[in-house]
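Novice: I'd like to ask some things about the structure below.
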Amino acid sequence: MTNMKHKFYFLLLLCFLFSLTSVQAQEKATPKSGEGISTFLLRHNRGMKKYYDDFIRLNKDKLGKNNSLQLGVSYIIPPAKSSRKSDGSSSEDEASDTESSNVAHKTSRSKRRRTVDSSKENDTSEKESSHTDKKSTRSKKKGSVYEPLFGKSLANVKVKSSRLSGACFYVVSGHGGPDPGAIGQIGDQELHEDEYAYDIALRLARNLMEEGAEVRIIIQDEEDGIRNEAYLNNSKREVCMGDPIPLNQVERLRQRCDKINASYRKDRRKYKYCRSIFIHVDSRSKGKQTDVFFYHSSKKAESKRLANNMKATFESRYDRHQPNRGFTGTVSARDLFVLSHASPAAVFVELGNIQNTFDQKRLIMSSNRRVLASWLLEGFLKDYKELK
């Protein structure tokens, strides 16, 4: 009888410890101001496509209208799944603030594989920067640039001024390849973040070249070119300066930073002003209309100044073209992977909410994409002028 009692209490203790472990393992967090489910999940290394339904199921009684997040409410974060593949989620893309332990472990292993002595690394970087732009066969003539990535009709770029002479830019559109980023919907049409970010990135790159700047287009699709259609065809052709884009989020972000840094090691000897820009489209609840907003590194004063100059440019343009509307875009510091790991000072731009009807017009109208690229150019011009 005594043995049976001991067994019973032992089993009871095991059940208690198991339940306690389950409760303790349940990770919770509160959202930041303006965060939707997708950005909240990405901040905690949970891509939207894989974890979105789990999040809704675990938190259905705490969500607001249209599954919106409420400030001050603690939400359960879905447990990490064991799959090694990334889920191709939205903004952020491509841009988590922290890495989970299993991802960090994989990253450290890949980092060890890449470790070389400093002399070999410098040697390799010189070679890399000379041939990483595999898909772009850009050539220069006096007063013009030929860049086939812009498409046949726009490949010849006439240099109109020297306002950005002595400047070098690294233009990066978010996601790409196996990762479409955030996906919006208009009727039967899907809007993929990577396609619209890429089109605006190409327009910006061309504008910068017209002002005499050197431009490195980091994400490339040799077929797309600059497009004027409302609904841009979706593909997985994009590469990172000739190399396939990894599906894993951290590897994907590290790859583009490595490409930037390899070029920057050479470019900084020649150009007095080098800046990176990461272009994205956010994903929030359908009812949340947003203006363009900007993130900067908390550790680089040049990054903060650039983000503020971008915001000031957009504010002045809104005051001129929509005087009664006002501009509500923001500037804030975020320790995003790309802002921390890219050597040149950088700005991270979110162009709007791909789920919102009004923000979708900002993307699907080619004239609006042209304006966005033009205003981003003006932000760079303002920042460069202040430096001089």
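Novice: Could you line up Ile200, Ile76, Ile183, Ile354 from fewest to most neighbouring Cβ atoms inside 10 Å?
Specialist: Ordered by Cβ neighbours within 10 Å, fewest first: Ile76, Ile183, Ile200, Ile354.
Novice: Just to verify a number: FRET efficiency for Arg265 and Ala333, C-beta to C-beta distance, R0 = 22 Å, to 0.05?
Specialist: 0.30
Novice: What is the ratio of the Cα radius of gyration of the stretch 105-387 to 2.2 N^0.38 Å, with N the residue count, to two decimals?
Specialist: Cα Rg divided by the expected 2.2 N^0.38 Å: 0.97.
Novice: Peptides 253-265, 375-387: what's the order by average Cβ count within 10 Å, highest mean first?
Specialist: 253-265, 375-387
Novice: So between Lys65 and Ser340, what do we pick up on full extension, going 0.36 nm a residue minus the alpha carbon distance?
Specialist: Fully extending the segment from Lys65 to Ser340 adds 95.5 nm.
Novice: Going by average Cβ neighbours within 10 Å, how do the peptides 267-276, 162-171 rank, with the highest at the top?
Specialist: So the order, starting with the most tightly packed, is 162-171, 267-276.
Novice: Kindly rank 188-198, 225-235 from highest to lowest mean number of other beta carbons found within 10 Å of each residue.
Specialist: So the order, starting with the most tightly packed, is 188-198, 225-235.
Readers should treat all values here as calculations from the given coordinates under stated rules, not as data from a laboratory. What you see is a predicted model; the values in this text were computed from it and never measured. Counting neighbours? That spans all protein chains shown, and the Cβs are built from the backbone with ideal geometry, glycine included.
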